[in-house]
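Inspection log for the structure reproduced underneath, given as structure tokens.
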Amino acid sequence: MLTRIFLSTMFFLSSAIVAQIPVTQLPLVYQIPEMNKVEIKKGIVYKTVNDTALSLDVYYPASFDKKSKLPVVIFNNGVGSLDLLNWRVYADWAKLIAANGLIAINYQSRQGRTFQDSEDLLAYVRSHAVELSIDGERIGLWTCSANVTVGLPLMMQPERTYIRSGVIYYGSAQLQTMRTDFPVLYVRSGLDAANINTGIEHTVRHMTEVECDLTFIHYSEGQHAFDIVDDNDRSRQIIRQTIDFFVYNLKKPSPVMRPLTAKRFKTLIEQGDTTKAFQEYRGFLKYIQSAGTYHPFFTWALNENGLIGIAYQLLQNKKNKEALTIFLINTGIHPESPNAFDSLADAYEADGQNELAVRTAQKALDLLAKATNLNENFKRGIQTSAEDKIKRLKK
């Protein structure tokens, strides 16, 4: 039953096309000559259950001597098809990956046991990485349609840090956990069924909320299974982009550190994990300052007004200590800014540290007197704010 559902949802084709070519033999709409040169190692048994042997096929670049190791892209079999190794589209995808310098794997799985089989497949690939000439710490996972109900949760499991990139085509899944430490490419077909696209919208919204490293493509004229049924330049462009996505993310050096976004920083503080928030912030700040390629206006962790905005929000939420910490960091980054010091004075006042508030407001006025590159209206605003504070707090 599951296979019939999968076939109907994954490949919704006109009866004329189906009559001409069996759905399992439809080719990928993007082909390159190098696909015919790849080396294929077929029928490797990765698991035997009750006398049923489950196999995988490995696709190697033509010029690969197997003396080193390469990253691998695994094409997720999440619907339980024992015949998947014979599907033309999966063979074409694997050949295309291998033709672009990576290793690719297709594998069999059983209906009703697809998640377990997929987990065992990953375990086999990693434990046999040396003999397969695979880099077991650089795995990409591609999943589509009904397969996504297995492939997406699998790649999102926190412990699978060796899955370094994921691609999802026209499908969605319910998620209990969400990794944000690896890049994901998600493709939605505009002409797909309403329930499928609603599920995708929900999943993408969730991924965006937790700040996954997400690249999202809405293919407005694309059908479900566009990679075999929409023979046009836009389909080929997306397929090419998918290949480039895998090659770039699986071959690039490991990131020095995870980027810290303003949203994550604020969320950690609001959840009470202040120590972790400032530990991550200081680590990220040190990294971007040493890198020397981050613009102080366009990077939130360096931006004066951005930091002030976060700190004022914390003041409004009665998180005075956390707000003060940010204001102090801001004056350290911008030691000549009268605005940074006047804002810090506000925080001292809110925290009842009136003497410090007065001294800091005076510091703002001293800096303001030397400032030559500020808008006059802005200068007057800072001056009024600082002078009013001093007058109010000295009573």
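The values are calculated or read from the model by the stated rules, or taken from the named source; none is laboratory data. This structure is a prediction, so every number in the text was calculated from the model and none was measured. Cβ placement follows ideal geometry from the backbone for every residue including glycine, while neighbour counts extend to all protein chains displayed.
If you check Q237, Q176 for being at pLDDT below 95 and surrounded by fewer than 23 Cβ atoms within 10 Å (Cβ to Cβ), only one passes: Q176.
Residues that are within 26 Å of R113 (Cβ to Cβ) and surrounded by 19 or more Cβ atoms within 10 Å (Cβ to Cβ) within segment 34-49 comprise Y46, K47, listed in sequence order. Among the residues of segment 174-194, is there at least one that is out of contact with any His (no Cβ under 8 Å at 6 or more places or on another chain), at positive phi and assigned by TED's automatic domain parsing to the domain that holds Q116? No; the residues of segment 174-194 include none that is out of contact with any His (no Cβ under 8 Å at 6 or more places or on another chain), at positive phi and assigned by TED's automatic domain parsing to the domain that holds Q116.
Taking each residue of segment 230-252 that is free of Cβ contacts under 8 Å to residues at least 40 places away in the same chain and looking for partners that are in a helix (DSSP H, G or I) and among the hydroxyl-bearing types (S, T, Y) with beta-carbon atoms closer than 9 Å, six or more apart or interchain, yields nothing. Of V150, V184, V167, V89, all but one fail to be over 24 Å from T48 (Cα atoms) and either in contact with a Ser or Thr (Cβ under 6 Å, 6 or more places away or on another chain) or in a loop (DSSP other than H, G, I, E, B) (or both); the exception is V167.
Do we have any residue at all in segment 50-57 that's under 32 Å from the mean Cα position of the chain (by Cα) and loosely packed, with under 11 Cβ neighbours inside 10 Å? No - not one qualifying residue is present in segment 50-57.
Listed by position, the helices (runs of 4 or more DSSP H) inside segment 303-369 whose residues that are not assigned by TED's automatic domain parsing to the domain that holds Y281 number at least 3 form an empty set. Restricting G199, G151, G171 to residues that are touching a Phe, Trp or Tyr at 6+ places or on another chain (Cβ under 8 Å), modelled with pLDDT of 95 or more and not polar (S, T, N, Q) narrows the list to G151.
Of the residues making up segment 100-147, those that are part of a loop (DSSP other than H, G, I, E, B) and at positive phi number 3. Collect the residues in segment 34-49 that are closer than 23 Å to R240 by Cβ and over 32 Å from the mean Cα position of the chain (by Cα), keeping them in residue-number order. Selection gives N36, K37. For residues that are assigned to a helix (DSSP H, G or I), hydrophobic (A, V, I, L, M, F, W, C) and in contact (Cβ under 8 Å) with a residue 40 or more places away in the chain, tally how many sit in segment 253-276. The total comes to 3.
For segment 309-348, the candidate set comprises residues that are surrounded by 21 or more Cβ atoms within 10 Å (Cβ to Cβ), aliphatic (A, V, I, L, M) and within 19 Å of D366 (Cβ to Cβ); within that set, the residue that is nearest to the chain's Cα centre (by Cα) is A340. Considering Y281, Y287, the condition of being modelled with pLDDT of 90 or more, closer than 30 Å to T360 by Cα and either part of a helix (DSSP H, G or I) or of a type in the set (D, E) (or both) is satisfied by Y281 alone.
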